[in-house]
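Structure, as structure tokens:
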Amino acid sequence: MTGAGLDLDKLLNTLAAWALALLWVLPLAYAVWTAFHPAAYEARFDLFAPLTLENFSKAWEAAPFARYFLNTFLLVSMILAGQFFLCTLAAFAFARFQFPGRTILFTLVLLQLLVMPDILMVENYQTMRLLNLVDTIPAIALPYIASGFGIFLLRQTFMTIPRELDEAARIEGASFLGVLWKVYIPLAKPTYLAYGLVSVSHHWNNFLWPLIVTNSVDTRPVTVGLSIFSAIDSGIEWSVINAATLMTSGPLLIAFLLFQRQFVQSFMRAGIK
Amino acid sequence: MRDLTLKRDWIYGWLLLLPALVFLFAFTHIPAVTTFLNSFFSTPRGRRPAKFIGIDNYERMIGDPVFWKVLWKNLWYALGTIPLSVGLAIVMALWVNEKLAGRSFVRMAYFTPTVLPLIAVANIWMFFYTPGFGLFDQITGALFGWPASNYLGNPDTALNAIIVVTIWKEAGFFMIFYLAALQAIPVSLKEAAQIEGAGRWTIFWRITFPLLMPTTLFVCVNAVINSFRLVDHIFILTDGGPDNASALLLFYIYEVAFRFWETAYGATLTVALLVLLSLLAIGQFFFFDRKVHYK
């Protein structure tokens, strides 16, 4: 192989990689373009079209997005707090204690990776009705709180922590929970960050289950709110819908741009099994 | 004394597990079992309670043309999305793993769709597919002078239009797993092969690809589960139509249970979905297991 041949190869690869990248950001770029320009330009590209924020204010006024955002925020933090608490305890049990039924119970936990709560929506809806929780934010959150994935991920991390550390803490007089709190949780911080990012983005984007279990403005998260907003055929312009779309994904998108490294690495870490 | 610590271990273990297990059983395991049981009963209506009807629901399912259509569509959707998005993911990962001009932009571009809510990006794609002035019609109109086509309203193209959105959404997500795997492959292997005179193509097929097999297994299991679980965009883009041409199994379950309120038949369809998922997961595991090189 000659040097020139290698360079050509590299050039072609770079070009192809860039072409695909542009194709991949095109939908987002288009949404940004229309959202910031008057409706007249939604299908007509003109570099000198006037910029405007009007689409955002129209969208914001057309639907109770402030309430939707609050609901999503409450939902996501409720799920995250619950997951951290329950998964930590369960992962600690699996990583450090010997008890009968351990293997079977762990299998049951892993089974949840396959059988997601949204597949069992018919039954879970009945449960929520029984508990009188339909159309509440806890009803959206509860099925996801005991996450098989979270338990698995934390257990893997806890198992890598050397036993000598917790024996030392035990000699110092720490209780089991003290060891968990002072040794295990601090050492697993990167895993918590990674899992937190994955969980927040997953539940921010979740749609089907919230759609089923909510039916009022007071409980709807942004995804369901947006779907209702864009389903109204009463002549809402594309540019306004795109502004609403950007608003809905905005916080996650900004978080993603800011924490890009951690975000990508967290997904990677989550993938190493 | 040893016995005592052992007993204490048991109690601590169970106590720590208890809260998670309560939730796990309440929202996954018990519902799975009751779904199965309910599939043998009729749907309760008003004052008429559910009654045992044996396998009537299953007979109905076997004779339901919509069920078969939706199942067939779902298999087509899986076949259309999985190989392409996994293949693209490998190519993407290979590209952004090498020194490439503007690598961080390219990497970000591939990954962005993963972060966006599917329900939100469906709005954008909806516009692309709009007959007449949508992006696709503008391009095909300007380049080839094609007339406007209603991609989402045509039974022949509706599902394919949805497949395109799914591939765009998933490839970047799978890329991350391949990227992690690629970075774990020792450089010395590649260098040794290069010294032996192996070209890029040979290195990929003989070294890189076999070492990526465990990741491929993981990604494929995920992709299969996703292909039966992702329905968000259908709600915006086609609502299952026209004539169920783009309805997938989970979407059909939603329709039966929450639009027609036939919860017992919905449970029967859910059992079918669960059986299908388990068979696919087990099948994949055994199929790939022989070819996977574990370290």
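The values are calculated or read from the model by the stated rules, or taken from the named source; none is laboratory data. All values reported here derive from a predicted model rather than from experimental measurement. Every residue, glycine among them, receives a Cβ derived from its backbone with ideal geometry; neighbour counts consider all protein chains shown. Areas reflect the complete protein model, heavy atoms only, side chains present, ligands, DNA and RNA absent. Shrake-Rupley method; radii C 1.70, N 1.55, O 1.52, S 1.80 Å.
Within a 10 angstrom radius of each residue's Cβ in A:14-23, how many Cβ atoms of other chains show up on average? Whole number is fine.
Numbers: counts 8, 1, 2, 14, 7, 0, 8, 13, 3, 2.
Neighbouring Cβ atoms belonging to other protein chains average 6 per residue here.
Applying the Karplus parametrisation 6.51 cos²θ - 1.76 cosθ + 1.60 with θ = phi - 60° to the phi angles of region B:188-203, what ³J(HN,Hα) value in whole Hz is obtained for each residue in order, glycine and proline being reported as x?
So the J values, rounded to whole Hz, are 4, 4, 5, 5, 4, 5, 5, 4, 6, x, 6, x, 4, 4, 5, 4.
Mind pulling the angle between the C-alpha long axis of helix A:238-258 and the longest principal axis of chain A? Nearest 10 degrees, somewhere in 0 to 90.
Around 40 degrees separate the two axes.
Count, for each residue of B:100-113, the Cβ atoms from other chains sitting within 10 Å of its Cβ, then give me the mean as a whole number.
6
For chain A, what is the accessible area per residue in Å² when the probe is 1.4 Å?
Value returned for chain A: 46 Å² of accessible area per residue.
Am I reading the A/B interface right? What is its buried accessible area, both sides, 1.4 Å probe, to the nearest 100 Å²?
Rounded to the nearest hundred, the buried surface is 7800 Å².
Over chain A, what relative contact order in percent results from Cα pairs under 8 Å that are six or more residues apart?
31
Ranked from highest to lowest mean number of other Cβ atoms within 10 Å per residue, what is the order of the peptides A:147-159, A:175-187?
The densest-packed peptide leads the list: A:147-159, A:175-187.
Give me the distance in nm between label points sitting 7 Å out from Cα along the Cα-to-Cβ direction at residue B:156 and residue B:104, one decimal.
So the two model labels end up 4.8 nm from each other.
Determine, for each peptide in B:67-76, B:216-225, the mean count of other beta carbons within 10 angstrom over its residues, then list the peptides with the highest first.
B:216-225, B:67-76
Averaged across the residues of A:101-113, what count of C-beta atoms belonging to other chains lies within 10 Å of each residue's C-beta?
Numbers: counts 4, 4, 0, 0, 6, 1, 0, 5, 5, 0, 5, 5, 4.
Going residue by residue through A:101-113 and averaging, the value is 3.
If you scale each eigenvalue of the Cα gyration tensor by 5 and take the root, what three semi-axes come out for region B:131-227, rounded to whole angstrom and sorted largest first? Present the calculation step by step, with values, prior to reporting the outcome.
Numbers: eigenvalues 327, 70, 20 Å².
They are 40, 19, 10 Å, listed largest first.
What distance in nm separates the two pseudo spin-label positions at residue B:50 and residue B:275, each 7 Å out from Cα along the beta-carbon direction?
Here the modelled spin labels are 1.8 nm apart.
With the full set of protein chains in place, find how many percent of the accessible area of region B:82-188 is carbon and sulfur; take the probe as 1.4 Å.
69
In degrees, nearest 10, range 0 to 90: what is the angle between the Cα axis of helix A:222-231 and the longest Cα principal axis of chain A?
For helix A:222-231, the angle is close to 30 degrees.
Charges on Cβ only, +1 for Lys and Arg, -1 for Asp and Glu, centred on the Cα centroid of the protein assembly as shown; of B:166, B:153, A:77, which one is farthest towards the dipole's positive end?
The residue sitting farthest along the positive end of the dipole is A:77.
Work out which residues of region A:197-228 lose at minimum 20 square angstrom of accessible surface when the other protein chains are put back, relative to the chain isolated, with a 1.4 angstrom probe, and list them by number.
Those are A:205, A:207, A:208, A:211, A:212, A:223, A:226, A:227, which lose 20 Å² or more relative to the chain on its own.
Which entries of A:182/B:7; A:58/B:73; A:189/B:190; B:69/B:169 show an alpha-carbon separation above 28 angstrom in the structure shown?
Flagged as over cut-off: A:58/B:73; A:189/B:190.
For residue B:51, list the aspartates and glutamates whose Cα falls under 20 Å from its own Cα; do not include residues on the same chain fewer than 8 positions away.
Straight-distance partners of residue B:51: A:123, B:59, B:262.
Distance between the C-alpha centers of region A:183-202 and region B:25-92? Whole Å please.
34
Under 8 Å for C-alpha pairs, at least 6 residues apart: give me the relative contact order for chain B, rounded to a whole percent.
27
Convert each backbone phi in region B:37-52 into a coupling constant with the Karplus relation 6.51 cos²θ - 1.76 cosθ + 1.60 (shift: θ = phi - 60°), then list the ³J(HN,Hα) values in order as whole Hz, x for Gly and Pro.
Residue by residue, region B:37-52 yields 5, 5, 5, 9, 10, 8, 6, x, 10, x, 8, 8, x, 5, 10, 5 Hz.
In chain A, carbon and sulfur make up what percent of the accessible area (probe 1.4 Å)?
69
For region B:153-258, what relative contact order do you get, as a whole percent, if you take Cα pairs closer than 8 Å and at least 6 residues apart?
Over region B:153-258, the number comes to 42 percent.
Going by average Cβ density within 10 Å per residue, which order do the peptides B:39-52, A:200-213 take, highest to lowest?
Highest-to-lowest ranking by the protection proxy: A:200-213, B:39-52.
Per residue, how much accessible area does region B:153-279 show when a 1.4 Å probe rolls over the protein heavy atoms, in square angstrom?
36
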